[in-house]
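Taking it in order: structure first as structure tokens, then the write-up.
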Amino acid sequence: MKIKSVVYPIIFINIGVFILQLVLGSWFTDLLVLKQFDIMARPWTLLTSMFLHGGFNHILFNMYVMFMFGPFVEQRIGPKRFLMVYFISGLLAAFVSQFIYPAALGASGAIMGMIGVMIILLPKLRILFFFIIPMPLWIAGIVIAVIDIFGVFVPNGTANVAHLVGMGLGLLFGLYYKSKRKKFHKRFHKKKHMDEDDIDEYVRSGRI
């Protein structure tokens, strides 16, 4: 069965879980939130904490970024690879966070993984940074990284380390997918015609 898109289901799940947080109260969040040095007793929180948010601004910003940029990445690497990037980046960011922060929640680590891939595959894409400053995505990525590095040394209530871990892993994923694209294109240009196997591989490669 071919998966059409995973971006919007992820957004709906995040919104649904946030609604449950509001309706059920703090006990529900406490059950699923990631707590320091607690993954041996509650390993599921590595995953569940990725779908929790700390308030309206938190979920609004994260889901806005997913809605605006998720389809770009998914179109280029395919939904299955998108899921791999999203969950591996989020899980690793959560794993590292539990050694540093008393508690952590949010989709930011996973979303930063997506942004990292996007920086490699679409570095010249112009965006409005902070909604007002136009700049290429690769420059925005550097600015975001600098802000997070500053936040590591000047704590501001944000899990900046999780952001950096997610982006770093996303950059590695992006470099890998870019190398696969170059390898495929090089082989493609040597052929005069595409057979069914070539077409299938092109589709599996995520149309990049």
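Taking the listed residues Ile144, Ile132, Ile115, Ile149, the one that is under 21 Å from Leu175 (Cβ atoms) and over 16 Å from the mean Cα position of the chain (by Cα) is Ile149, with no other qualifying. Taking the criterion of being crowded, with 16+ Cβ neighbours inside 10 Å, of a type in the set (Gly, Ala, Ser) and at pLDDT below 90, the residues of segment 142-162 that qualify are Gly151, Ala159. Taken as a whole, the condition of being open to solvent by less than 20 Å² (accessible area, probe 1.4 Å), in a helix (DSSP H, G or I), closer than 17 Å to Phe18 by Cα and not hydrophobic (A, V, I, L, M, F, W, C) does not apply to Asn57. The one condition from (1) closer than 16 Å to Gln98 by Cβ; (2) surrounded by 13 or more Cβ atoms within 10 Å (Cβ to Cβ); (3) without any contact (Cβ under 8 Å) to a residue 60 or more places away in the chain that Ala41 does not meet is (2).
Scanning segment 88-103 for residues that are closer than 19 Å to Gly170 by Cβ and either open to solvent by 60 Å² or more (accessible area, probe 1.4 Å) or touching a Pro at 6+ places or on another chain (Cβ under 9 Å) (or both) returns Ile88, Leu91, Leu92, Phe95. Scanning segment 71-83 for residues that are of a type outside the set (Asp, Glu), under 17 Å from Met112 (Cβ atoms) and either surrounded by 20 or more Cβ atoms within 10 Å (Cβ to Cβ) or without any contact (Cβ under 8 Å) to a residue 24 or more places away in the chain (or both) gives Val73, Ile77, Arg81, Phe82.
Suppose the filter is part of a helix (DSSP H, G or I), at pLDDT below 95 and open to solvent by less than 10 Å² (accessible area, probe 1.4 Å); does Met68 pass it? Judged against the criteria, Met68 is not a match.
Screening segment 118-141 for residues that are aliphatic (A, V, I, L, M) and assigned to a loop (DSSP other than H, G, I, E, B) and picking the one that is most open to solvent (accessible area, probe 1.4 Å) gives Ile132.
Figure legend. Inter-residue proximity from segment 109-134: first residues at negative phi, second residues among the basic types (Lys, Arg) and not in a helix (DSSP H, G or I), beta-carbon distance below 8 Å, spacing 6+ or different chains. Indicated pairs: Pro134/Arg126.
Taken as a whole, the structure places Val203 among residues that are open to solvent by 60 Å² or more (accessible area, probe 1.4 Å), assigned to a helix (DSSP H, G or I) and either under 20 Å from Phe72 (Cα atoms) or modelled with pLDDT of 75 or more (or both).
The values are calculated or read from the model by the stated rules, or taken from the named source; none is laboratory data. All values derive from a computational prediction rather than experimental measurement. Backbone-built Cβ (ideal geometry, glycine too); neighbour counts: all protein chains shown. Protein only, heavy atoms only, side chains kept; ligands, DNA and RNA dropped before computing areas. Shrake-Rupley method; radii C 1.70, N 1.55, O 1.52, S 1.80 Å.
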